[in-house]
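Down below is the structure, laid out as structure tokens.
A short reminder: the numbers here are calculations on the coordinates, not readings from a lab. Everything numeric in this text was worked out from a predicted model, so none of it was measured. Here the Cβ positions follow ideal geometry from the backbone for every residue, glycine too, while neighbour counts run over all protein chains shown.
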Amino acid sequence: MKFTAVRLYEEEGKRVSRRVEQTLDDLDPGTVVIKSKYAAVNYKDARAVTGVGKVVSRYPCIPGVEVAGTVVESTDPAWRPGDVVTVQGGRDFGMRRDGGYSEYVRVPGDWIGRVPEGTDPFESVAMGLAAYTSALAVEELIARGVTPDKGPVLVTGGTGGSSSFAIDMLAGLGYHVVASTGKAAETDYLKGIGAAEVVGREGIAAGDKPLEDQRWAGAIDAVGGKPLDALLRSMKQRGVVCAFGNAAGETLTTSIYPFILRGVSLTGINGNHPVPERGTAWSRMQRGGDLRPRHIEDIAYTIAFEDLQAHCAKLIASGARGRAVVKFS
Ligand SMILES: NC(=O)c1ccc[n+]([C@@H]2O[C@H](COP(=O)([O-])OP(=O)(O)OC[C@H]3O[C@@H](n4cnc5c(N)ncnc54)[C@H](OP(=O)(O)O)[C@@H]3O)[C@@H](O)[C@H]2O)c1
């Protein structure tokens, strides 16, 4: 059987992705073969496909860290042909082992999670790592005492996949959500998914002083770098920042004063847990849960597998709105 995959190669110091024809023998070993139906496009997947940064650390390798589909072969007693399953987050999938940008994937059985009966696999991938990571951040804000009555919560990188779900979830819980974005033209979209206010990326802090006006009771930061510094300097007393992203930069230069004079906390969020190991945040996102996003259809959309590389190039060059999901034919 022959099928198509997008494979990343390292050639003369550069990383290059190509659509290639494969057989099962070309894939990394595993006990379960899945026919792919949907695969997510996360920021790190786009970096991998376009060869930006070192997301993938083995070459050649198929990128794509999240996929859902149907089991077609299994030597693992836990899985049978016909099971509707997903592989998302954690382990080496799509980074050190062949991942989801392939019409067939092969993995060890313990990397797999079941798509709950009655749930469309699209929904599972559409929410995926993006919504799960945001749900972890929301849980952390609540655990650290940032309740809706404490004041506005800022979400940076507002139009991104993860941030869109953060806005949606926070609004659903009754928070006054302020979205910051570099895409002023997407104000209606951001308000439609729950933002009470939208500010430009430069609108996070009033100026460059080590302590600026106190504006945010909490923040969910998807971008790092200078915007993270700006929001730390404009947090309210005992404000909490949950950071999980690096779209604006991998380094943070800031002042000690928000921490020692306002008691601000900065906490890191890592959502790279395989589905079988996800805890309350994952279950609270499922149907009927209090973190269930209310605007999945507005945030997520499908693209054809043939368009994956072009979409990733666009995402890295100029950003995209919401969360793209590859649909395999
Ligand atoms: N730690 C974890 O477990 C975890 C899990 C998921 C994601 N992440 C990280 O979270 C970030 C977002 O991921 P995603 O998949 O949601 O990506 P995404 O859909 O591409 O969203 C990123 C958003 O960041 C903003 N942005 C892009 N470049 C920027 C720049 N130079 N300066 C300021 N803002 C910029 C844009 O929003 P606006 O135009 O609206 O500003 C963009 O839509 C990535 O860094 C990703 O690696 C981490």
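The figures follow:
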item: Positive-end residue of I303, F259, T70, charge dipole of the chain with Cβ unit charges; result: F259
item: Those residues of the stretch 143-169 whose amide nitrogen sits under 14 Å from the label point placed on Q214, 7 Å along Cα→Cβ; result: 150-152
item: Residues whose placed amide H lies under 5 Å from that of R238, excluding near-sequence neighbours; result: G263, V264
item: Antiparallel bridges, percent of DSSP beta bridges restricted to the chain (to nearest 5); result: 55
item: Nonlocal amide H pairs with V155, under 5 Å, H built at 1.01 Å; result: V178, A179, S180, I220
item: The chain: relative contact order in percent, alpha carbon pairs under 8 Å with at least 6 residues between; result: 18
item: Backbone HN-Hα couplings from phi across the stretch 92-100 [Karplus 6.51/-1.76/1.60, Hz, Gly and Pro as x]; result: 10, 3, x, 10, 10, 10, 3, x, x
item: Ascending count of other beta-carbon atoms within 10 Å, so fewest first, for F259, F3; result: F259, F3
item: Taking D92, D120 and counting other C-beta atoms within 10 Å, the order from fewest to most; result: D120, D92
item: Volume of the Cα convex hull of the chain, divided per residue and given in Å³; result: 126
item: The stretch 129-268, relative contact order in percent, only Cα pairs under 8 angstrom and at least six apart counted; result: 22
item: For E197, E212, order by how many other beta-carbon atoms lie within 10 Å, fewest first; result: E197, E212
item: Stretchable slack from R96 to R238, in nm (0.36 nm times residue separation minus alpha-carbon distance); result: 47.1 nm
item: Förster radius 22 Å - calculated FRET efficiency between R284 and D120 (Cβ-Cβ, nearest 0.05); result: 0.70
item: Phi to ³J(HN,Hα) by Karplus 6.51 cos²θ - 1.76 cosθ + 1.60 over the stretch 260-266, Hz, x for Gly, Pro; result: 8, 9, 10, x, 5, 10, 10
item: For the stretch 66-187: rounded, prolate or oblate by the Cα gyration tensor [a/c cutoff 1.5]; result: prolate
item: Length released on extending from K314 to T23, taking residue separation times 0.36 nm less the Cα-Cα span; result: 101.8 nm
item: Part-to-part distance (alpha-carbon centres) for the stretch 259-295 and the stretch 28-72, which is given in Å; result: 23
item: Theoretical ellipticity at 222 nm over the chain - DSSP helices of four or more residues, -39500 (n - 2.57) apiece, nearest 500; result: -7500 deg cm²/dmol
item: 5 angstrom amide H check on G249, placed H, neighbours 5+ away; result: G225
item: Solution diffusion estimate, µm²/s, Stokes-Einstein, the stretch 129-268, Kirkwood Rh from C-alpha pairs, 25 °C, viscosity 0.890 mPa s; result: 171
item: Modelled FRET efficiency - R0 35 Å, A304 with S255, Cβ distances, 0.05 increments; result: 0.15
item: Derived scalar couplings ³J(HN,Hα) [the stretch 129-143; Karplus, 6.51 cos²θ - 1.76 cosθ + 1.60; whole Hz; x for Gly, Pro]; result: 4, 5, 6, 4, 5, 5, 5, 4, 5, 5, 4, 5, 4, 5, 4
item: Test item: Cα-centred dipole of the stretch 129-268, Lys/Arg +1 and Asp/Glu -1 on Cβ, debye; result: 300
item: Quotient of Cα Rg and 2.2 N^0.38 Å for the stretch 231-329, N being how many residues it contains; result: 1.44
item: Net charge dipole size for the chain [Lys, Arg +1 and Asp, Glu -1 on Cβ; Debye, nearest 20]; result: 500
